[in-house]
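Before any comments, here is the structure.
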Amino acid sequence: MNLLLEIGTEELPAHSMPGLLKDLKDKAAKSFAELRLNYDELKTLGTPRRLALIAKNLSERQEDVKTESKGPSEKIAYDEQGNLTKAAIGFARGKKIAPENLIKKDGYVYAVVEEKGQDTRELLPELLKKLISDISLPNSMRWADYSFRFLRPLRFLTALYGKEVIPFEVAGVKSGRVSRGHRFLSEGDFEIDAAENYEQRCEENFVIVNQEKRKEIIRRQIEEVAAEKGGVAEITEDLLEEVLYLVEYPTALCGSFDEKYLRLPPEAVITPMRDHQRYFPVKTKEGKLMPLFITVRNGGKDFIDTVRHGNERVLKARLEDAEFFFNEDRKKSLAEHRDKLKTVVYQEGLGNVYEKTERLIKLAEKIAAALCADERTTKNALRAAMLSKADLVTGMVTEFTELQGIMGREYALLDGEDEKVALAIDEHYKPRFAEDNEPTTREGRILSLADKIDAIVGTFSRGKIPTGSQDPFGLRRQALGLVKMLIEAKENVSLRALTDTSMDLYGITDAAAREKMQKDVAEFIRLRLKNVFEKENIRYDAADAALADVDNPYGVYLRAKAVAEFVKKETAEKIIQSFVRVGNIAGKSEGCDIDENAFVVDAERSLYGAYKKAAAEFAVLGELTEETCGKAIEIFAELSSPIDNFFDKVMVMDKDENLRRNRLALLKSIDTLLCNVADFSKIVF
């Protein structure tokens, strides 16, 4: 039989719904497993006013279970007369069986306990009650005089096993077979005769309870309405998901606005429409914004014109605000807005935003030089750095904060700034979210890197390193964006050098504080690189081997991929074992000063010659690239045989101090050379 649990509430926050549904399903699966209850399928359904769990063909009884527990040895369990000892009797009592029922096996006594499964109906009341109380909530509330907490007040509970009601009570609400239909379209409460008819009965009462079905209805309706108007709706998945959990019975409709607002930058129209009103913009097939929008109402087609008119009025007010702010902003150039940044605090103890832009200019200059950027690119990057935050004090961005960077780009273009300067102002915030693109221009990358390093070093200097889930300044996102940007653009940059420059600009002079900052930044970047490697399925040990030094994130990425490819070879294990032997002993060396005249055994002379050859060939490769990383490991692989021969023929820890020191220096030099690519001791076979 099917099990149905429906938790009826006041309207739940749309952004919380996916997490609530997943958690309910996960906890139900865990509970059923612990109680030995089998089922064919488990799914969760949800609308703004309900969370529902359905378990198809849930078994009517628990599975019987037979456990065999090992007790004391026979020598301890029985005395010389063959009688059970206190140890055996105590073991039997602990397992709740009669002592005479203990069995002997393999020199020990065992307790065999058979547990008969209970009827599922007997288990469900407490199980369902616990499921409701155990759901993980982003926040919670109490109501009336109940101590029970939930995201929103509970209003009804439906619990059916087949056709039978499962009785229990939570916060004064008793379970039953009564659910509630759409607030306006239905006649109110309705009964569900059997769990398998739940979705059908809901739909009969104007509630599309299956969110996947509801999502496809919404998507199809939006696309059809847009097509009727000769346009294409711009449907973003995040907005679609939000709208999905705002309606129970969706009906899409199209509204319009005055064409004069199309004179505004497209984002200035789309942002109030999409982010503030949850409307879907409509564009031509060529991508040009049309004076139309699509919204989704929670209801049918009755009085649709009234609903359309209401939405048009609300949007008009928003667009009038946008037009006013735009016109006011344009009374000054973007550069003229910049001086007002002196009144805006960046972070407590880190000065104002104007001072931040001054730091960005100097950082951008340093980064441009490190990337060997040409004169024009450098000039554009510095100009973009100067203007990068000026739009934060414009009326448009003050009202619509989502437009930061975007309005800076638009105002810069209207001021006649170079297009690359304008794009960099926008791109330096990228990636703004997980799926966002990286900067496409070199100027944008330079400024983005400067902004992110400044944010990380500045915030770390205040002791605000993200811990646990706390990251109020979004530093993890910024660091991950930094790493992905450098990898995608194939840019080699020394983060240590940039961190040094940033510390100089913040006036951090204490040597111990500077060294701690370098370690903290390196560890923070290392964790972000690990995330990237995991998503690209680079084996963990190859990643760990390359992550010993994270100064150049792109280089780390190349080395991790090269090591991961190398370990696939049949000869890799033997070669890496040779490298590891070197590393294990090299740590005892006090330096790398080698006296080749002090060698007395052919094996050490041979290894020294192989080392010099490998070092020379590696030096010729220069800065490692996608092509040369693998070549570097091939060069090192040639050292394997001389290394093995050396350890077979030479006593490294010789009693003669000079011989011992010289041999350790040779191994240390080889290990240092190998570590230019990876710490091969991290590889696991």
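The values are calculated or read from the model by the stated rules, or taken from the named source; none is laboratory data. The shown structure was predicted, so the numbers you read here are calculated from the model rather than taken from an experiment. Note that each Cβ is placed from the backbone with ideal geometry, even for glycine, and that neighbours are counted across all protein chains shown. These area figures cover heavy atoms from the full protein model, side chains too; ligands, DNA and RNA do not enter into them. Shrake-Rupley method; radii C 1.70, N 1.55, O 1.52, S 1.80 Å.
The Rg/Rh ratio of the range 1-154, with Rg taken over Cα atoms and Rh as the Kirkwood radius over Cα pairs, comes to 1.22.
In sequence order, the range 354-359 has phi-based couplings of 4, 5, 4, 5, 5, 5 Hz under the Karplus curve 6.51 cos²θ - 1.76 cosθ + 1.60, θ = phi - 60°, and Gly or Pro positions carry x.
Taken about its Cα centre, the chain carries a charge dipole of about 960 debye when Lys and Arg each add +1 at the Cβ and Asp and Glu each add -1 at the Cβ. Report the calculated FRET efficiency for residue 224 and residue 147 (r = Cβ-Cβ distance, R0 = 45 Å), to the nearest 0.05. About 0.35, to the nearest 0.05. Among 69, 404, 295, flag the residue with its Cα farthest along the positive direction of the charge dipole of the chain, charges on Cβ as +1 for Lys/Arg and -1 for Asp/Glu. Of the listed residues, the answer is 69.
Counting Lys and Arg as +1 and Asp and Glu as -1 over every other residue whose Cβ lies under 10 Å from the Cβ of residue 398, the net charge comes to -3. Each residue of the range 405-462 gets 84 Å³ once the volume of the Cα convex hull is shared out per residue. When 371, 137 are compared by accessible surface with a 1.4 Å probe, the order from highest to lowest is 137, 371. Can you compute log10 of I(q)/I(0) for the range 279-326 with the Debye formula, treating each Cα as one identical point scatterer, at q = 0.13, 0.24 Å⁻¹? Reported log10 I(q)/I(0), two decimals: -0.40, -0.98. Loop-resident trypsin sites (Lys or Arg not before Pro) (DSSP state other than H, G, I, E or B) in the range 458-519 with no more than 11 further Cβ atoms inside 10 Å of their Cβ: 490.
Remark: for residue pairs 43/70; 490/568; 389/519; 340/516; 569/668, the C-alpha separation exceeds 31 Å in 43/70; 340/516. In summary, the range 306-364 shows an alpha-carbon radius of gyration equal to 1.77 times the 2.2 N^0.38 Å reference for compact globular proteins. Going through (1) 27.8, 89; (2) 34.3, 107; (3) 26.5, 85, the figure that equals Rg and Dmax of the Cα atoms in Å as computed for the structure here is (2).
Length available on full extension from residue 235 to residue 537: 0.36 nm per residue minus the Cα-Cα distance, which gives 105.6 nm.
If the segment from residue 22 to residue 118 were pulled out straight at 0.36 nm per residue, it would be longer than the present Cα-Cα gap by 31.8 nm. Annotation for residue 592 and residue 139: the two label points, set 7 Å from Cα along the Cα-Cβ direction, are 5.6 nm apart. Work from the charge dipole of the chain (Cβ charges, +1 for Lys and Arg, -1 for Asp and Glu, about the Cα centre) and give the residue of 131, 548, 319 farthest towards its positive end. It is 131, whose Cα lies furthest towards the positive end. Working from the Cα coordinates of the range 613-685, the gyration tensor eigenvalues give, after taking √(5λ), semi-axes of 26, 14, 11 Å in decreasing order. Building the convex hull from the alpha-carbon atoms of the range 307-443 and averaging its projection over directions returns 10.4 nm². Taking the 1.4 Å solvent-accessible surface of the chain as the whole, the part contributed by carbon and sulfur is 47%. Note on residue 372: accessible area approximately 110 square angstrom, rounded to 10, probe 1.4 Å, nucleic acids and ligands left out.
Rg and Dmax of the range 439-497, both derived from C-alpha coordinates alone, stand at 12.1, 34 Å. For the range 235-252, putting each phi into the Karplus relation 6.51 cos²θ - 1.76 cosθ + 1.60 with θ = phi - 60° gives couplings of 9, 9, 5, 5, 5, 4, 5, 5, 4, 3, 9, 10, 10, 10, 9, x, 9, 7 Hz, in residue order, rounded to whole numbers and with x for Gly and Pro. Rolling a 1.4 Å probe across the protein heavy atoms gives the chain an accessible surface of 49 Å² per residue. Per-residue ellipticity at 222 nm, computed for the chain from helices alone with -39500 (n - 2.57) per DSSP H run of at least four residues, works out to -15500 deg cm²/dmol.
Computed from label points 7 Å out along Cα-Cβ, the spacing between residue 654 and residue 375 is 6.0 nm. In the range 560-618, the convex hull through the Cα atoms has an average projected area of 5.5 nm², a quarter of its surface area. Scalar couplings 3J(HN,Hα) for the range 14-20, obtained by applying the Karplus form with A = 6.51, B = -1.76, C = 1.60 to θ = phi - 60°, are 4, 5, 8, 4, x, x, 5 Hz; x denotes Gly and Pro.
Volume per residue of the convex hull around the Cα atoms, evaluated for the range 1-57, comes out as 66 Å³.
Quick one: net charge of residue 321's neighbours, Cβ under 13 Å, K/R +1, D/E -1?
-3
Charges were assigned to the Cβ only: +1 to each Lys and Arg, -1 to each Asp and Glu. The resulting dipole of the range 8-66 about its Cα centre is roughly 40 debye.
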